[in-house]
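The values are calculated or read from the model by the stated rules, or taken from the named source; none is laboratory data. This is a predicted model, so every value here is computed, not measured. Ideal geometry is used to build each Cβ from the backbone, glycine not excepted, and the neighbour counts take in all protein chains shown. Heads up: the accessible areas ignore ligands, DNA and RNA and are worked out on the full protein's heavy atoms, side chains in. Shrake-Rupley method; radii C 1.70, N 1.55, O 1.52, S 1.80 Å.
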Amino acid sequence: MTKKERFKKIFPILKEKFGEPKAALEFETPYQLMVAVILSAQCTDVRVNIVTKELFKVVKEPADIREMKQETLEKYIKSTGFYKNKAKNIKLNAEMMLDKYKDIIPKKLEELIELPGVGRKTANVVLGELWNIREGIVVDTHVKRLSNRIGFVKNDNPEIIERELMKFIPKKYWFIYSHYLILHGRNKCIARKPKCEICEIRNYCKYNEKI
(Lines give C-alpha, C1' and ligand atoms only; values in the text may rest on other atoms or scores of the structure.)
Protein backbone atom coordinates (compact mmCIF):
# COMPACT_ATOMS: atom_id res chain seq x y z
CA MET A 1 0.00 0.00 0.00
CA THR A 2 1.42 3.39 -0.98
CA LYS A 3 1.38 6.34 1.41
CA LYS A 4 -1.31 8.00 -0.68
CA GLU A 5 -3.47 4.87 -0.61
CA ARG A 6 -2.95 4.55 3.15
CA PHE A 7 -3.96 8.18 3.61
CA LYS A 8 -7.13 7.66 1.54
CA LYS A 9 -8.13 4.81 3.86
CA ILE A 10 -7.32 6.57 7.11
CA PHE A 11 -8.51 10.13 6.47
CA PRO A 12 -12.25 9.34 6.00
CA ILE A 13 -12.25 7.30 9.22
CA LEU A 14 -10.76 10.16 11.21
CA LYS A 15 -13.08 12.66 9.52
CA GLU A 16 -16.12 10.62 10.51
CA LYS A 17 -14.80 10.33 14.05
CA PHE A 18 -13.85 13.95 14.68
CA GLY A 19 -15.93 15.96 12.19
CA GLU A 20 -15.01 19.65 12.18
CA PRO A 21 -12.72 20.10 15.19
CA LYS A 22 -12.49 23.45 16.96
CA ALA A 23 -9.30 25.17 18.03
CA ALA A 24 -8.07 23.82 21.37
CA LEU A 25 -6.52 27.15 22.34
CA GLU A 26 -8.90 29.85 23.53
CA PHE A 27 -8.56 33.39 22.17
CA GLU A 28 -10.55 36.43 21.12
CA THR A 29 -8.12 38.40 18.95
CA PRO A 30 -5.68 37.20 16.26
CA TYR A 31 -2.76 38.43 18.34
CA GLN A 32 -3.93 36.43 21.34
CA LEU A 33 -3.88 33.28 19.23
CA MET A 34 -0.27 33.91 18.22
CA VAL A 35 0.72 34.43 21.85
CA ALA A 36 -1.15 31.30 22.91
CA VAL A 37 0.61 29.17 20.29
CA ILE A 38 3.99 30.53 21.36
CA LEU A 39 3.14 29.57 24.96
CA SER A 40 2.06 26.08 23.87
CA ALA A 41 5.64 25.00 23.07
CA GLN A 42 6.49 22.14 25.45
CA CYS A 43 3.19 22.74 27.24
CA THR A 44 -0.33 21.33 27.08
CA ASP A 45 -3.19 23.32 25.57
CA VAL A 46 -5.11 22.84 28.83
CA ARG A 47 -2.36 24.57 30.81
CA VAL A 48 -2.04 27.36 28.22
CA ASN A 49 -5.78 28.05 28.44
CA ILE A 50 -5.54 28.28 32.23
CA VAL A 51 -2.70 30.80 31.92
CA THR A 52 -4.23 32.87 29.13
CA LYS A 53 -7.57 33.12 30.93
CA GLU A 54 -5.84 35.62 33.25
CA LEU A 55 -3.24 36.99 30.81
CA PHE A 56 -5.79 37.82 28.13
CA LYS A 57 -7.78 39.96 30.54
CA VAL A 58 -5.00 42.51 30.13
CA VAL A 59 -3.44 41.51 26.79
CA LYS A 60 -5.52 41.94 23.65
CA GLU A 61 -3.02 43.46 21.20
CA PRO A 62 0.79 43.87 20.85
CA ALA A 63 0.68 47.31 22.51
CA ASP A 64 -0.48 45.66 25.73
CA ILE A 65 2.67 43.50 25.79
CA ARG A 66 4.91 46.47 24.97
CA GLU A 67 3.50 48.32 27.98
CA MET A 68 3.95 45.33 30.28
CA LYS A 69 7.22 44.71 32.11
CA GLN A 70 8.92 41.46 31.21
CA GLU A 71 8.96 40.42 34.87
CA THR A 72 5.17 40.85 35.02
CA LEU A 73 4.71 38.77 31.88
CA GLU A 74 6.96 36.07 33.34
CA LYS A 75 4.73 35.81 36.42
CA TYR A 76 1.66 35.31 34.25
CA ILE A 77 3.21 32.57 32.09
CA LYS A 78 5.56 30.85 34.56
CA SER A 79 3.60 27.57 34.69
CA THR A 80 3.90 27.02 30.90
CA GLY A 81 7.61 26.18 31.26
CA PHE A 82 10.64 27.89 29.69
CA TYR A 83 8.85 31.04 30.76
CA LYS A 84 11.84 33.39 30.69
CA ASN A 85 12.64 32.57 27.09
CA LYS A 86 8.97 32.72 26.10
CA ALA A 87 8.53 36.09 27.80
CA LYS A 88 11.62 37.47 26.08
CA ASN A 89 10.38 36.29 22.67
CA ILE A 90 6.86 37.63 23.22
CA LYS A 91 8.27 41.03 24.19
CA LEU A 92 10.55 41.11 21.12
CA ASN A 93 7.68 39.87 19.00
CA ALA A 94 5.49 42.79 20.11
CA GLU A 95 8.23 45.27 19.23
CA MET A 96 8.70 43.81 15.75
CA MET A 97 4.94 43.71 15.22
CA LEU A 98 4.97 47.50 15.47
CA ASP A 99 8.26 48.22 13.71
CA LYS A 100 7.81 45.89 10.77
CA TYR A 101 4.09 45.10 10.45
CA LYS A 102 2.32 48.10 12.06
CA ASP A 103 0.70 45.71 14.56
CA ILE A 104 -1.08 43.73 11.84
CA ILE A 105 -0.32 40.01 11.80
CA PRO A 106 1.08 39.13 8.36
CA LYS A 107 -0.74 36.54 6.26
CA LYS A 108 2.38 35.03 4.71
CA LEU A 109 4.37 32.25 6.35
CA GLU A 110 7.75 33.68 5.39
CA GLU A 111 6.84 36.98 7.08
CA LEU A 112 5.33 35.36 10.15
CA ILE A 113 8.41 33.25 10.89
CA GLU A 114 10.53 36.41 11.08
CA LEU A 115 8.72 37.28 14.30
CA PRO A 116 10.52 36.16 17.50
CA GLY A 117 9.01 32.99 18.94
CA VAL A 118 7.25 32.07 15.70
CA GLY A 119 8.46 28.96 13.90
CA ARG A 120 6.79 27.06 11.07
CA LYS A 121 4.44 25.24 13.44
CA THR A 122 3.19 28.45 15.05
CA ALA A 123 2.89 30.20 11.69
CA ASN A 124 0.89 27.31 10.19
CA VAL A 125 -1.48 27.26 13.17
CA VAL A 126 -2.05 31.02 12.98
CA LEU A 127 -2.61 31.03 9.21
CA GLY A 128 -4.90 28.02 9.32
CA GLU A 129 -6.99 28.99 12.33
CA LEU A 130 -7.44 32.66 11.46
CA TRP A 131 -7.69 32.71 7.69
CA ASN A 132 -7.86 29.09 6.52
CA ILE A 133 -4.60 29.69 4.68
CA ARG A 134 -2.61 26.52 3.99
CA GLU A 135 1.08 27.08 3.42
CA GLY A 136 2.25 24.00 5.27
CA ILE A 137 1.34 21.27 7.74
CA VAL A 138 1.47 21.74 11.50
CA VAL A 139 3.88 19.17 12.95
CA ASP A 140 3.68 18.96 16.72
CA THR A 141 4.60 16.04 18.97
CA HIS A 142 1.37 14.16 18.15
CA VAL A 143 1.64 14.64 14.38
CA LYS A 144 5.28 13.55 14.50
CA ARG A 145 4.51 10.42 16.54
CA LEU A 146 1.45 9.32 14.57
CA SER A 147 2.90 10.06 11.13
CA ASN A 148 5.80 7.75 12.00
CA ARG A 149 3.66 5.04 13.57
CA ILE A 150 1.14 4.97 10.72
CA GLY A 151 3.97 4.65 8.22
CA PHE A 152 3.79 7.98 6.45
CA VAL A 153 7.35 8.97 7.42
CA LYS A 154 10.48 7.63 9.09
CA ASN A 155 11.94 10.77 10.61
CA ASP A 156 11.89 12.86 13.79
CA ASN A 157 12.70 16.21 12.18
CA PRO A 158 9.48 18.30 12.00
CA GLU A 159 10.49 20.16 8.83
CA ILE A 160 11.40 16.95 6.99
CA ILE A 161 8.17 15.33 8.19
CA GLU A 162 6.21 18.33 6.93
CA ARG A 163 7.84 18.17 3.49
CA GLU A 164 7.21 14.42 3.20
CA LEU A 165 3.55 14.73 4.20
CA MET A 166 2.98 17.58 1.75
CA LYS A 167 4.05 15.30 -1.11
CA PHE A 168 1.00 13.04 -0.90
CA ILE A 169 -1.61 14.80 1.24
CA PRO A 170 -3.87 17.09 -0.84
CA LYS A 171 -3.35 20.75 0.06
CA LYS A 172 -7.00 21.20 1.04
CA TYR A 173 -6.43 18.70 3.88
CA TRP A 174 -3.12 20.04 5.18
CA PHE A 175 -4.61 21.90 8.13
CA ILE A 176 -7.32 19.43 9.12
CA TYR A 177 -4.87 16.50 8.90
CA SER A 178 -2.93 17.93 11.84
CA HIS A 179 -6.11 18.49 13.83
CA TYR A 180 -7.18 14.89 13.35
CA LEU A 181 -3.80 13.42 14.31
CA ILE A 182 -3.55 15.60 17.41
CA LEU A 183 -7.02 14.50 18.54
CA HIS A 184 -6.36 10.85 17.71
CA GLY A 185 -3.00 11.03 19.47
CA ARG A 186 -4.72 12.15 22.67
CA ASN A 187 -7.59 9.70 22.29
CA LYS A 188 -6.10 6.40 21.10
CA CYS A 189 -2.51 6.64 19.83
CA ILE A 190 -1.04 7.90 23.09
CA ALA A 191 2.73 8.07 23.46
CA ARG A 192 3.58 5.36 25.98
CA LYS A 193 0.88 2.77 25.42
CA PRO A 194 -1.24 3.20 22.28
CA LYS A 195 -4.67 1.56 22.37
CA CYS A 196 -4.15 -0.39 19.15
CA GLU A 197 -6.74 -3.06 19.97
CA ILE A 198 -9.58 -0.50 19.86
CA CYS A 199 -8.07 1.94 17.34
CA GLU A 200 -10.30 2.80 14.39
CA ILE A 201 -7.40 2.95 11.92
CA ARG A 202 -5.48 -0.11 13.15
CA ASN A 203 -6.03 -2.01 9.87
CA TYR A 204 -4.07 0.63 7.96
CA CYS A 205 -1.33 1.37 10.50
CA LYS A 206 2.17 -0.06 10.19
CA TYR A 207 2.72 0.12 13.94
CA ASN A 208 -0.22 -2.22 14.52
CA GLU A 209 1.20 -4.67 11.97
CA LYS A 210 4.30 -5.11 14.14
CA ILE A 211 2.39 -6.01 17.30
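Grab the Cα-Cα distance for residue 61 and residue 187, subtract it from 0.36 nm times how many residues apart they are, and report the gain in nm with one decimal.
Full extension from residue 61 to residue 187 adds 42.0 nm.
Measure nothing fancy, just the Cα-based angle from helix 174-187's long axis to the longest principal axis of the chain, in degrees from 0 to 90, nearest 10.
The angle comes out at about 80 degrees.
Pick out which of 198, 160, 90 has the largest mean-square fluctuation in a Gaussian network model of the chain, springs linking Cα atoms closer than 10 Å.
So, out of 198, 160, 90, the one fluctuating most is 198.
With every protein chain in place, what's the accessible area of residue 34 (1.4 Å probe, Å², nearest 10)?
0 Å²
Running a GNM on the chain with Cα contacts under 10 Å, which residue among 22, 84, 121 ends up with the highest mean-square fluctuation?
22
If I stretch the segment between residue 166 and residue 42 completely, what's the gain in nm (0.36 nm per residue apart, minus their alpha carbon distance), one decimal?
Stretched fully, the residue 166-residue 42 segment lengthens by 42.2 nm.
Provide the FRET efficiency to the nearest 0.05 for the residue 82-residue 131 pair, computing r from the beta carbons and using R0 = 30 Å.
FRET efficiency, residue 82 to residue 131: 0.60.
Taking 0.36 nm per residue of separation and subtracting the Cα-Cα distance, what length does fully extending residue 101 through residue 15 add?
Length gained, residue 101 through residue 15: 27.3 nm.
With a cut-off of 8 Å between alpha carbons and a minimum separation of six or more residues, what is the relative contact order of segment 1-108 in percent?
Details: 83 pairs, mean separation 25.0, N = 108.
In percent, rounded to a whole number, it is 23.
Got the relative contact order for segment 64-170 handy, in percent, Cα pairs under 8 Å and 6 or more residues apart?
Values: 86 pairs, mean separation 16.0, N = 107.
About 15 percent, as a whole number.
With P(r) over Cα pairs in 5 Å bins from 0, in percent in mind, check (1) 1, 7, 15, 19, 18, 14, 11, 8, 5, 2, 1, 0; (2) 1, 7, 15, 16, 15, 11, 9, 8, 8, 5, 3, 1, 0, 0; (3) 1, 7, 15, 20, 21, 18, 11, 5, 1, 0 and report the label derived from this structure.
(1)
Using only protein heavy atoms and a 1.4 Å probe, report how much of residue 83 is accessible, in Å² to the nearest 10.
The accessible area of residue 83 comes to roughly 60 Å².
Springs between alpha-carbon pairs under 10 angstrom, Gaussian network model over the chain: which of 16, 159, 61 fluctuates most?
16
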